[in-house]
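J.: Provided herewith is a single structure, encoded as structure tokens, for subsequent inquiry.
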Amino acid sequence: MLKWAFIFLIVGLVLGALGFGGIGGAFVGIAKILFFIAIALFVIFLVLGLMAGKAVKDAID
């Protein structure tokens, strides 16, 4: 997902540099949304991984 956010950011910046500010801004906005979704998913999976790790450790002990 970060790959797509980076692609949208680059395309948006190129479009903005070429004078297509409206569509370039839309692409940058999409990149921002994708970035925050990726960060939220990272945090969720990090917490789930830590909880699962503790459960496995408790099951082994």
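Values quoted throughout were computed directly from the atomic coordinates according to the rules given, and no laboratory measurement underlies them. Keep in mind it's a predicted model, so treat the numbers as computed, not measured. Quick reminder, even Gly has a Cβ in these numbers, built from the backbone with ideal geometry, and neighbours come from all protein chains shown.
J.: Taking the structure as given and computing Kirkwood radius over Cα pairs in Å, which label from (1) 11.8; (2) 13.0; (3) 13.4 fits?
T.: Answer label, from the structure shown: (3).
J.: I want to verify a result. In a Gaussian network model of the chain, Cα cutoff 10 Å, which of these has the top mean-square fluctuation: Leu13, Leu34, Leu46?
T.: Leu46
J.: Something else now. What net charge do the residues around Leu50 carry, taking every other residue with its C-beta under 15 Å from that of Leu50, with Lys and Arg at +1 and Asp and Glu at -1?
T.: The answer is +1.
J.: Name the residue, out of Ala31, Ala17, Ala40, whose mean-square fluctuation peaks in a Gaussian network model built on the chain with Cα pairs under 10 Å.
T.: Comparing Ala31, Ala17, Ala40 in the GNM, the peak value goes to Ala17.
J.: What number, in percent, do you get for the relative contact order of the stretch 2-55 if the mean sequence gap of Cα pairs under 8 Å and at least 6 apart is divided by its residue count?
T.: It rounds to 35 percent for the stretch 2-55.
J.: Something else: Suppose R0 equals 30 Å; then what is the FRET efficiency for Trp4 and Lys57 from their Cβ-Cβ distance, rounded to the nearest 0.05?
T.: Efficiency, from the Cβ-Cβ distance: 0.25.
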